[in-house]
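**Student:** Structure incoming, see below.
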Amino acid sequence: MVNEFLMPQLGQSVESCIIVEWRKKEGDRVKEGDVLCEVETDKATLEVESTLTGTLIEILRQEGDDVPVLTPIALIGDEKKNTPGVKPEKHRTEEIKEGEAKDTALDFSVSKVKISPRAKKLAEKNGIKAEYYKNIKGTGPGGRIVEQDIKDFLKSDSYRDVKETRSQETAPAKRPVFEQQSKPEKSTALSGIRKIIAKKMLESITGSAQYTITASADAQKILEYRKRLKNLSPESPLASITINDMVLFTTARVLTNFKNINSLIVNGKIIEKTSVNLGFAVDTPRGLLVPVIKNADKLSLMQISSEAKRLKDACTASTVQPDEFLDGTFTVTNLGYYGIESFTPIINPPQVGVLGVCSIQPKPVFDKNDESVRFIHALKLSLTLDHRVIDGAPGARFLKALCEAFKEFDLLLAG
């Protein structure tokens, strides 16, 4: 009996997955719980386990394919039997007419023969184009060409004909010396998470009326508090709290007084959220990820710090779950570590706001009391909002309240 194995639904919002790597090959025995392949969603890389036991008869979708969920990606079962309704593709074999010489020339017609990913990679490496596949006898399931078939073909007379045909192609004219010395350009197609980020950011810019305002907050209190924490024993969990943790804590608390900013716009309707689910940007080798701290407005500073660290580590290790990216109501992105003094963050739809955190820099301020100028440690903030929902004045009031909360951080902790 042959069963279709479907691309599983890996999270409520996941519509499709990209197959990164097949861990099993055609002909392998598969048990329930074995890892069949590794796939990439728009946010994470996950392992897909088999829910069936049997032989991996046929791989229906290849590495690099973007496959909708609940779509067949493989056939698993008893290779000798077929299940009604499951019709593996038949492979055509060309009959040699009587009187025609056999194995005297290569068939250059476009090949429709199936070939495994490993075999295709080896073929391309050795200059075997698709039109030559029909000259290779496949020994895999259903006549599929496997890696060993390519290795055997490389030792055959037919492959020598392929090399001779390639050598007869017109050699390109020699380039001027200055062109030969130039470095080749690298062209890489958008794929995986990079492709998803590109799509979402473009939709954000073209689908909303974004504007950015900036301000500087007096960071003296948070710097003093951070210094006190660093002086604690390294074994104390409080010693691991960072400036970014304090920013997340402060933002979540202030947002509770600005329901219009802690909101979503969906199908032309503004939905004000009662809880703050705070997303924060994480830089990973695979691209930008934005996990969400749920109910951040109800968590202590220590709890926010622990959850932020857990989610960040999971993103870096590619173990974060798809549901941990859902339901965000506002996002914070911090480039202060890189010394950035100002930037324009892009909103993560359907949210209507994002806070960009810049570096802490000395800033001169005028003291009205003694009419003198003194320097403060200023935390620079860039706030991007959707003008469809929030006008400039309400946005400015939120940013002002945020700056005041940083200035009186000790009082915010007491509250």
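The values are calculated or read from the model by the stated rules, or taken from the named source; none is laboratory data. It should be emphasised that the depicted structure is a prediction, and the values quoted were computed from it without experimental measurement. Using ideal geometry, Cβ is built from the backbone for each residue, glycine included, and neighbour counts are taken over all protein chains shown.
**Student:** I'd like to check which strands (runs of 3 or more DSSP E) are fully inside the range 23-81 and have at least 3 residues that are outside the structural domain of LYS312 (by TED's automatic domain parsing) and more than 21 Å from MET1 (Cβ to Cβ).
**Tutor:** Details: elements: 35-40, 45-49, 54-59, 66-68, 72-77.
Filter on the range 23-81 gives 35-40, 45-49, 66-68.
**Student:** Which residues, counting only those in the range 382-395, are over 22 Å from ILE340 (Cβ atoms) and not acidic (Asp, Glu)? Show your work before the answer.
**Tutor:** Here is the first cut: in the range 382-395, the ones over 22 Å from ILE340 (Cβ atoms) are 386-394.
Correct list: HIS387, ARG388, VAL389, ILE390, GLY392, ALA393, PRO394.
**Student:** Still on this structure, I have one more. Could you check the range 291-317 and list, in sequence order, the residues that are under 12 Å from the mean Cα position of the chain (by Cα) and either assigned to a helix (DSSP H, G or I) or at pLDDT below 95 (or both)?
**Tutor:** Pass one, the range 291-317, residues under 12 Å from the mean Cα position of the chain (by Cα): 291, 315-316.
Listed by number, the residues that qualify are CYS315, THR316.
**Student:** Would you check if THR206 is buried (at least 17 other Cβ atoms within 10 Å of the Cβ) and part of a helix (DSSP H, G or I)?
**Tutor:** On the way: buried (at least 17 other Cβ atoms within 10 Å of the Cβ): no; part of a helix (DSSP H, G or I): yes.
When the stated conditions are applied, THR206 does not pass them.
**Student:** Quick one: which residue in VAL357, VAL320, VAL276 is farther than 23 Å from SER204 by Cα, among the aliphatic types (A, V, I, L, M) and not in a helix (DSSP H, G or I)? Lay out the reasoning, then the answer.
**Tutor:** Values: VAL357 fails: farther than 23 Å from SER204 by Cα; VAL276 fails: farther than 23 Å from SER204 by Cα.
So the residue among VAL357, VAL320, VAL276 that is farther than 23 Å from SER204 by Cα, among the aliphatic types (A, V, I, L, M) and not in a helix (DSSP H, G or I) is VAL320.
**Student:** Select, from LYS363, LYS380, LYS368, LYS400, the only residue that is at pLDDT 95 or above and farther than 28 Å from PHE325 by Cα. Spell out how you get there, then give the answer.
**Tutor:** Numbers: LYS363 fails: at pLDDT 95 or above; LYS380 fails: farther than 28 Å from PHE325 by Cα; LYS368 fails: at pLDDT 95 or above.
Of the residues listed, the single one that is at pLDDT 95 or above and farther than 28 Å from PHE325 by Cα is LYS400.
**Student:** Considering the range 316-348 alone, what residues qualify as being surrounded by 17 or more Cβ atoms within 10 Å (Cβ to Cβ), touching a residue at least 40 places away in the same chain (Cβ under 8 Å) and either outside the structural domain of THR214 (by TED's automatic domain parsing) or closer than 27 Å to LEU379 by Cα (or both)?
**Tutor:** Passing the criteria: GLY328, THR329, PHE330, THR331, VAL332, THR333, ASN334, GLY336, PRO345, ILE346, ILE347, ASN348.
**Student:** Going by the conditions given, is VAL354 in contact with a Phe, Trp or Tyr (Cβ under 8 Å, 6 or more places away or on another chain), in the same structural domain as ALA281 (by TED's automatic domain parsing) and not small (Gly, Ala, Ser)? Before you say what the answer is, go through the steps one by one.
**Tutor:** Values: in contact with a Phe, Trp or Tyr (Cβ under 8 Å, 6 or more places away or on another chain): yes; in the same structural domain as ALA281 (by TED's automatic domain parsing): yes; not small (Gly, Ala, Ser): yes.
Yes.
**Student:** Also: From the list VAL389, VAL365, exactly one residue is more than 18 Å from GLY287 (Cβ to Cβ), out of contact with any Cys (no Cβ under 8 Å at 6 or more places or on another chain) and either in a loop (DSSP other than H, G, I, E, B) or of a type in the set (Asp, Glu) (or both). Which is it?
**Tutor:** Details: VAL365 fails: either in a loop (DSSP other than H, G, I, E, B) or of a type in the set (Asp, Glu) (or both).
When all the criteria are applied, what remains is VAL389.
**Student:** Six or more apart or on different chains, Cβ under 9 Å: which pairs go from a residue in the range 241-262 that's farther than 17 Å from ALA378 by Cα to one that's part of a loop (DSSP other than H, G, I, E, B) and of a type in the set (Lys, Arg)? Could you list them?
**Tutor:** These pairs meet every condition: LYS259/LYS273; ASN262/LYS273.
**Student:** Out of all the residues in the range 259-272, which are farther than 12 Å from ASP297 by Cα and either in a loop (DSSP other than H, G, I, E, B) or of a type in the set (S, T, N, Q) (or both)? It would help to see each step written out before you state the result.
**Tutor:** Quick first cut of the range 259-272, residues farther than 12 Å from ASP297 by Cα only: 259-261, 263-272.
LYS259, ASN260, ILE261, SER263, ASN267, GLY268 - these are the residues of the range 259-272 that are farther than 12 Å from ASP297 by Cα and either in a loop (DSSP other than H, G, I, E, B) or of a type in the set (S, T, N, Q) (or both).
**Student:** Kindly establish whether LEU381 is surrounded by 11 or more Cβ atoms within 10 Å (Cβ to Cβ) and touching a helix residue (DSSP H, G or I) at 6+ places or on another chain (Cβ under 7 Å). If you could, list the steps in order and put the result at the bottom.
**Tutor:** Numbers: surrounded by 11 or more Cβ atoms within 10 Å (Cβ to Cβ): yes; touching a helix residue (DSSP H, G or I) at 6+ places or on another chain (Cβ under 7 Å): yes.
Judged against the criteria, LEU381 is a match.
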